[in-house]
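Everything below concerns the one structure shown next.
The values are calculated or read from the model by the stated rules, or taken from the named source; none is laboratory data. This is a predicted model, so every value here is computed, not measured. A quick note on method: Cβ atoms are made from the backbone with ideal geometry, for glycine too, and the neighbour counts reach across all protein chains shown.
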Amino acid sequence: MSSRTNVSCLHEAKRVAIFGGTHGNEMSGITLVNMWKQNSAEIERNGLLIKPFISNPKAVEKCTRYIDTDLNRAFTPENLSAPDVEGLLYEVQRAKEINRMFGHKGSSDAYDVIFDLHNTTSNMGSTLILESSTDLFNLQMVHYIKKAMAPHTCSVLLNEHPQLKYSTTRSVAKHPIGLEVGPQPQGVLRSNVFESMRTILKHALDFNEFFNSGVEFPPCTVDVFRVQERMDYPRDTNGNITAMVHPHLQDCDWEPLNRGDPMFLTFDGRTILYEGANTVYPTFINEAAYYEKQQAFTTTCREILAANAIRKAFK
Amino acid sequence: MKAVAMPTVSRVAVCGGTHGNELAGIYLVREMLKKRADGTEPVSVVTVMSNSRAAQLCVRYVETDLNRCFTRAALSAPVSETSPYEMIRSQELNALLGPKASAQAVDLLCDLHNTTANTGLCLITYSDHDWICLHICKHLKHMQFPYMLDICYAKAYLCPTSILFLSAMEIGPQPHGVVRSAIFSAMQEGVQLMMDWICQFNSGMLFEGGWVDVYTMVKNIDYPRDSETHVITAAVHPDLQDRDFCLLHPGDPMFLCFSGETLRYRGKEALYPFFINEGAYYEKGVALSLARKRRVQIPSWFVNVDEPK
């Protein structure tokens, strides 16, 4: 039996968008998109229609995460089908607009690929975020990017959790990819973080161009971290946090956290240990924007995903 | 140098949350407010959340930067209900902590701040004759946390009138909106050591004089910007990023343009950069500040309870 029968033939991925400023204080993506809107030479590729786009311009202007509500949680079916009336939250209006321009979400007219550029205060390094374990195009793309970036590490975070998954801006596209690079404070542009994100995108667009030109990508496996659980800070009855991420856990994104390891340090000096039964791999440790979302860190487990060979379907 | 006698430091103010997203000071002040004074403390401490509205929203300020509302003009301007919140608040704080003649008069004020820059622990004083601040700096070298200790002389900020001595305690790096336990612990220890110094001083201990390195602000440097749009066109160079208080020589890299070009420091004098890439300073047009270092001699210091204030 020829191995060619195991090649998945996928539609051409022609329409690609690069979103910056989904959060108005995450500066790498904002700076890159503004730069490319002015001069797109760096992102042009044969066979691709690439649109750099600022998702939340009002938040960008104020250098704040959002105006009324988090845009990156706003792409729910309820919001996207809400009638156009006065008094709609700014980001809900914006989500509907983005869905019209780049969607509609779930339809065959939707954009093929959206890269959504983010920064985090957590020490996650370069991270690619996937929402599906079965999107072969995306799996092959992240495999390509990881290889191209080596020895610089690119971690892959998979959020397919039925309750913890959320309706992202990029979910409007057929193949959504989140790029998350940290650590970087909100409102700050660090050169090394900026250049890492720029390089990741370069490789991503190269992959896309190769794919569209007919290149076949052999079967591959991808090491991923699958989202398990959200861990909140200990809080008092008024909802104020009573402890901080422990110094032994701070900055240790992607490293194993075992039962009995220090997790939090209270303001009066007491250590709180992790009591989970299994080893987990925490990420998004001490992300500034997640204090209000009741999230000190997210636990993940390691998994290896397999992807078939892929190539563009012949017309 | 002749020893100097100073009056007792009877009342100290510790302020957190002057900027509502600089969390170490906010959480430290909250912890200090939980501990009720029982009247046996050797020094009376007033603990203040300077900008509680901004702290609640976790933003630097609500309408205008509180730390710029302490000029003579701002403190004497007429305010009404429609004035910016921080203008009203600065006058309230001035009334609470400032007036010398009142029973509430504060002798020393310590304003707690965080920065996204890699400054370590930094005491900021507003006068180059602030001997108390320099003595406290010497004392803080006992800290177990491995932070560098420097003092800068800068324009007066949170500065109620008539305070005898004041300084800001700035600790970085910490992102705004985040509390890092190591930073919190360093701030807690720094404040504790400052209190210990004051108690020892008040109880008659003589503090030997000596020499302290002081960094005096010379100028600010802005990012390179597009002449039409005013948008920044470069980031702080990776060779300069995080190198606060490391000497910058003429010709050293300063910015890495998005185009790939390196921009170098063109000044004639080697200076010390600090507040490199502070998040709140983009809107103020400051990428970094430059300072000159000098050794300042401080006199021996002791209390004289009869010394007038």
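Within the set B:Asp239, B:Asp252, the sole residue that is at pLDDT 95 or above and away from every other protein chain (no Cβ under 13 Å) turns out to be B:Asp252. Within the stretch A:244-260, the residues that satisfy the criterion of being within 18 Å of B:Val178 (Cα to Cα) and in contact with a Leu (Cβ under 6 Å, 6 or more places away or on another chain) are A:Met244, A:His246. Against the test of being within 14 Å of chain A (Cβ to nearest Cβ) and modelled with pLDDT of 85 or more, the options B:Tyr265, B:Tyr272, B:Tyr281 yield a single qualifying residue, B:Tyr281. Selection of the stretch A:236-255 for residues being within 13 Å of chain B (Cβ to nearest Cβ) and of a type outside the set (A, V, I, L, M, F, W, C) yields A:Asp236, A:Asn238, A:Gly239, A:Asn240, A:Thr242, A:His246, A:Pro247, A:His248, A:Gln250, A:Asp251. Counting only helices (runs of 4 or more DSSP H) that sit completely within the stretch A:1-97, those holding 1 or more residues that are in contact with a helix residue (DSSP H, G or I) (Cβ under 7 Å, 6 or more places away or on another chain), in the same structural domain as A:Val113 (by TED's automatic domain parsing) and aromatic (Phe, Trp, Tyr) correspond to A:27-38.
Scanning the stretch A:179-222 for residues that are of a type in the set (Asp, Glu) and either more than 22 Å from A:Asn159 (Cα to Cα) or assigned by TED's automatic domain parsing to the domain that holds A:Val280 (or both) yields A:Glu195, A:Asp206, A:Glu209, A:Glu216. Scanning the stretch B:35-62 for residues that are farther than 29 Å from B:Ile198 by Cα and surrounded by fewer than 15 Cβ atoms within 10 Å (Cβ to Cβ) yields B:Gln56, B:Leu57. On the stretch given as the stretch A:184-222, residues that are surrounded by 22 or more Cβ atoms within 10 Å (Cβ to Cβ), assigned to a loop (DSSP other than H, G, I, E, B) and of a type outside the set (Gly, Ala, Ser) total 6. So which residues in the stretch A:1-31 are over 20 Å from A:Thr168 (Cα atoms), touching a Phe, Trp or Tyr at 6+ places or on another chain (Cβ under 7 Å) and either within 14 Å of another protein chain (Cβ to nearest Cβ) or acidic (Asp, Glu) (or both)? Selection gives A:Thr31 alone. The residues of the stretch A:218-235 that are of a type in the set (Ser, Thr, Tyr) and within 14 Å of chain B (Cβ to nearest Cβ) amount to a single one, A:Tyr233. Of all residues in the stretch A:279-315, those that are out of contact with any Pro (no Cβ under 7 Å at 6 or more places or on another chain), β-branched (Val, Ile, Thr) and surrounded by fewer than 18 Cβ atoms within 10 Å (Cβ to Cβ) total 1.
Just checking, which of B:Val286, B:Val296, B:Val303 is within 13 Å of chain A (Cβ to nearest Cβ) and of a type in the set (A, V, I, L, M)? It would help to see each step written out before you state the result.
Values: B:Val296 fails: within 13 Å of chain A (Cβ to nearest Cβ); B:Val303 fails: within 13 Å of chain A (Cβ to nearest Cβ).
Of the residues listed, the single one that is within 13 Å of chain A (Cβ to nearest Cβ) and of a type in the set (A, V, I, L, M) is B:Val286.
Within the stretch A:223-238, take every residue that is surrounded by 17 or more Cβ atoms within 10 Å (Cβ to Cβ) and of a type outside the set (A, V, I, L, M, F, W, C) and give me the one that is nearest to the chain's Cα centre (by Cα). Taking the candidates together, the pick is A:Arg226. Considering B:Met187, B:Met169, B:Met148, B:Met143, the condition of being outside the structural domain of B:Phe274 (by TED's automatic domain parsing), at pLDDT below 75 and closer than 28 Å to A:Gly182 by Cβ is satisfied by B:Met148 alone. Every test in (1) of a type in the set (D, E, K, R); (2) within 14 Å of chain A (Cβ to nearest Cβ); (3) farther than 24 Å from A:Asn240 by Cβ is passed by B:Glu22 save one, and that test is (3).
Can you confirm whether B:Gln200 is out of contact with any helix residue (DSSP H, G or I) (no Cβ under 7 Å at 6 or more places or on another chain), more than 14 Å from chain A (Cβ to nearest Cβ), more than 30 Å from A:Thr120 (Cα to Cα) and not in a strand (DSSP E or B)?
When the stated conditions are applied, B:Gln200 passes them.
Residue pairs whose Cβ atoms lie under 9 Å apart, sitting 6 or more positions apart in sequence or on different chains, and linking a residue in the stretch A:257-268 that is of a type in the set (S, T, N, Q) to a partner that is not in a strand (DSSP E or B), are A:Asn258/A:Tyr274; A:Asn258/A:Gly276; A:Asn258/A:Asn278; A:Asn258/A:Thr279; A:Thr266/A:Pro234; A:Thr266/A:Thr242. Looking only at residues in the stretch A:142-173 that are crowded, with 18+ Cβ neighbours inside 10 Å and in contact with a His (Cβ under 8 Å, 6 or more places away or on another chain), the one that is nearest to the other protein chains (Cβ to nearest Cβ) is A:Ile145. Restricting attention to the stretch A:38-64, the residues that are touching a Gly at 6+ places or on another chain (Cβ under 9 Å), surrounded by fewer than 22 Cβ atoms within 10 Å (Cβ to Cβ) and within 13 Å of another protein chain (Cβ to nearest Cβ) add up to 5. Cβ separations smaller than 8 Å between residues 6+ apart or across chains give the following pairs from the stretch B:170-184 residues that are on the phi > 0 side of the Ramachandran plot and within 7 Å of chain A (Cβ to nearest Cβ) to residues that are surrounded by 24 or more Cβ atoms within 10 Å (Cβ to Cβ) and part of a helix (DSSP H, G or I): B:Gly177/B:Leu23. Scanning the stretch A:263-315 for residues that are more than 19 Å from the chain's Cα centre (by Cα), over 30 Å from B:Glu189 (Cβ atoms) and of a type in the set (Ser, Thr, Tyr) turns up just one, A:Thr279. There is at least one residue in the stretch A:14-30 that is under 20 Å from A:Met141 (Cα atoms), modelled with pLDDT of 95 or more and surrounded by fewer than 20 Cβ atoms within 10 Å (Cβ to Cβ).
Checking the conditions here, which among A:Thr134, A:Thr121 is among the β-branched types (Val, Ile, Thr), at pLDDT 95 or above, surrounded by 22 or more Cβ atoms within 10 Å (Cβ to Cβ) and over 21 Å from A:Pro52 (Cβ atoms)? Let's see the steps before the verdict.
Values: A:Thr134 fails: surrounded by 22 or more Cβ atoms within 10 Å (Cβ to Cβ).
Result of the check over A:Thr134, A:Thr121: A:Thr121.
Quick check on B:Ala77: is it closer than 29 Å to B:Ser10 by Cα, without any contact (Cβ under 8 Å) to a residue 24 or more places away in the chain and more than 14 Å from every other protein chain (Cβ to nearest Cβ)? Answer is no for this residue.
Quick check on the stretch A:225-233. Is at least one of its residues part of a loop (DSSP other than H, G, I, E, B) and closer than 22 Å to B:His176 by Cβ? Step through it out loud before you land on a result.
Let us first name the residues in the stretch A:225-233 that are part of a loop (DSSP other than H, G, I, E, B), namely A:232-233.
Filter once more, keeping what is closer than 22 Å to B:His176 by Cβ: A:232-233.
Checked the stretch A:225-233: at least one residue is part of a loop (DSSP other than H, G, I, E, B) and closer than 22 Å to B:His176 by Cβ.
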